[in-house]
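If you scroll down you'll find the structure; I have some questions about it.
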């Protein structure tokens, strides 16, 4: 499975979110390829889901054909885990 952590430029907050998703996947025993990218590259991405802020999610919804999940606090592992588990449950 492949997911993207997306921020405006693809190198700041997306890296923090990526690290949190990686930790959650490790806790859950899930093999997942998590990559960072900027909002423009995300529009043409090929992945199972995107994780990003609510602001960027609204911009991406019209141009993406895969689910987009919003996270408010990128360093809050409990929140990231909850959102990631939602993705997993909807994926089945």
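Against the longest alpha carbon principal axis of the chain, how many degrees, from 0 to 90 and to the nearest 10, is the axis of helix 77-91 turned?
80
Okay, next question. Using the Kirkwood formula on the Cα atoms of the range 2-82, what hydrodynamic radius do you get, in angstrom to one decimal?
Evaluated over the range 2-82, this radius sits at 12.3 Å.
Based on DSSP H runs of at least 4 residues, each adding -39500 (n - 2.57), what is the mean residue ellipticity at 222 nm of the chain after dividing by all its residues, to the nearest 500 deg cm²/dmol? Walk me through the numbers before you get to the answer.
Details: 4 runs with 42 residues, N = 92.
About -13500 deg cm²/dmol.
Still on this structure: What ranking, highest mean first, results for peptides 11-20, 31-40 when packing means the other Cβ atoms within 10 Å averaged over each residue?
Top of the packing list down: 11-20, 31-40.
Relative contact order of the range 2-82, please, whole-number percent, based on alpha carbon pairs below 8 angstrom and at least 6 residues apart.
Relative contact order for the range 2-82 comes out at 36 percent.
Right, next: To the nearest 10 degrees, how steep is helix 13-28 against the longest Cα principal axis of the chain, on a 0 to 90 scale?
So the helix axis and the longest Cα principal axis differ by about 30 degrees.
Every read-out reported here was derived from the displayed coordinates using simple, explicitly stated rules and does not represent laboratory data. These numbers come from a predicted model, not from an experiment. Positions of Cβ are backbone-derived with ideal geometry, glycine not excepted, and every protein chain shown enters the neighbour counts.
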